[in-house]
1. Can you tell me the Rg and the Dmax, both Å, for the Cα atoms in segment 160-286?
2. What list of ³J(HN,Hα) couplings, whole Hz, do you get for segment 107-112 from phi and the Karplus terms 6.51, -1.76, 1.60, once you set θ to phi - 60° and write x for glycine and proline?
3. For segment 167-237, what class follows from the C-alpha gyration tensor (a ≥ b ≥ c being the square roots of its eigenvalues): rounded when a/c is under 1.5, otherwise prolate if a/b is larger than b/c, else oblate?
4. With a 1.4 Å probe and all protein chains left in place, how much of the accessible area of segment 53-122 comes from carbon and sulfur atoms, in whole percent?
5. So, how do all the Cα-to-Cα distances of the chain break down into 20 Å bins, in percent, from 0 on up?
6. Tell me, how many Å apart are the Cα centres for segment 1-39 and for segment 180-239?
7. Note down the nm distance, to one decimal, between modelled labels 7 Å out along Cα→Cβ at A258 and at S11.
8. In Å², what does the accessible area per residue of the chain work out to with a 1.4 Å probe?
Amino acid sequence: MTPEEIASLRSELEDFAAGVFEPFARNDQRRWGQVYLRGLLTDGQRKSVEPMAARLGEDGNRQALAHFVTTSPWDPAHVRARLAWKMEAAIRPKALIFDDTGFLKDGHASACVSRQYTGTAGKVTNCQVGVSLHLASDHASAAVDWRLFLPETWAPGSVKADPGKVARRTACGIPDDIGHVEKWQLALDMLDETRSWGIEVPLAVADAGYGDAAAFRLGLQARGLHYVVGISTTLSAQPGDAVPVTPPYSGNGRPPVAKYPDKSQSVKELVIAAGRKAARPVQWREGSRPGAGRSGRKRMYSRFVALRIRPAGREIRQATDGPQLPECWLLAEWPATEPEPVQFWLSDLPVDTPLTTLVRLAKLRWRIEHDYREMKQALGLAHFEGRTWTGWHHHVTLVSVAHAFCTLQRLARAPKDEAPA
């Protein structure tokens, strides 16, 4: 936003920030919280402390801003809770979306930085990785919780621990009780936290980085949530109509147990066996390109196969009573121009769920990519130059607050037929 636009919205921004920053114990924290938000919202290439201070005029106290974001003793969870309450009412979310994003780094001193894979770069590179939880509907979304992923190289008890990184934990302010936790478990931890705030959304959406973990899917089910999650082509399963068979008992030794007569197949094999004729055309939303949609934009369109299957694997079998594996939906996108399916999802939604609903929910994950793009390109999500654990969590929380303010402004100005239903 230009300084003029910020000035015209200053009263609204102050009212919004007053509610979100209500947990702050001191007036100076509320003041510098609002100043930091203005710095994030004001146009500029870099949104780290020094360039923001230079653009903020008489409020551009670099030292005060740096202290506020890096060392000031405020709990970001309290701010996120109030942000979640406000955005739940505005968005009316249909789903919680879980994902992670990379924060590329040149040096090695920042908390939890390591050589690791990130989709941001599409390769293994030197970076931090943050896991986030977003409230999402068809028309809006907001990041309301974050976790900084701690690689095994930073975990003192790990066989992969790097002595240099472990030694930097104190300087980075990483709490002693923080160890290596898989990203899918961090996602479940955030789900538990947001539910403790009173946020109840009955559906979870995630990509294959989470969907491939049977423990993640079982964790969602244990918490009463349905899911639509991406999966890899190699995930194994039995067809939905497969039935375990008990071999005849010979009378010697232990009686045989029921088992599936045929070996499990990959989900890709199951879809290819169903064939191209099983694919159905689905339009699920309007895109950004000009077209013939209601808003003058092109409709998003492809062909999809939906099959009932029974996912296999040791964890699923151990969690299942009896020999019959639980049944669920396998959804696969198979464009008419492609020789084989290109993307796969798993869902435990009811058997009578329409294909269009499955597709629309599977494709809802585009909202999180939209959020990351806006927060990184316009609001400086990846511009924090501090090295501490606390500073990182403070910065990403403040960026989420700034992004939520922009989302509320957009919703307020949207046509009524585009508002959340």
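1. For segment 160-286, the Cα-based Rg and Dmax read 22.1, 68 Å.
2. Residue by residue, segment 107-112 yields x, 10, 8, 5, 3, 6 Hz.
3. Numbers: a/c = 3.09, a/b = 1.46, b/c = 2.11.
Since a/c reaches 1.5 but b/c is at least a/b, the shape of segment 167-237 is classed as oblate.
4. Values: 1520 of 3190 Å².
Reported share for carbon and sulfur atoms: 48 percent.
5. Here the calculated profile for the chain is 24, 52, 22, 3, 0.
6. Segment 1-39 and segment 180-239 have Cα centres separated by 35 Å.
7. With each label point 7 Å from Cα toward Cβ, the separation is 7.0 nm.
8. Working: 19910 Å² over 421 residues.
Accessible area per residue: 47 Å².
The values are calculated or read from the model by the stated rules, or taken from the named source; none is laboratory data. Remember, it's a predicted structure, so these values are computed and weren't measured experimentally. Neighbour counts run over all protein chains shown; Cβ positions are idealised from the backbone, glycine included. These area figures cover heavy atoms from the full protein model, side chains too; ligands, DNA and RNA do not enter into them. Shrake-Rupley method; radii C 1.70, N 1.55, O 1.52, S 1.80 Å.
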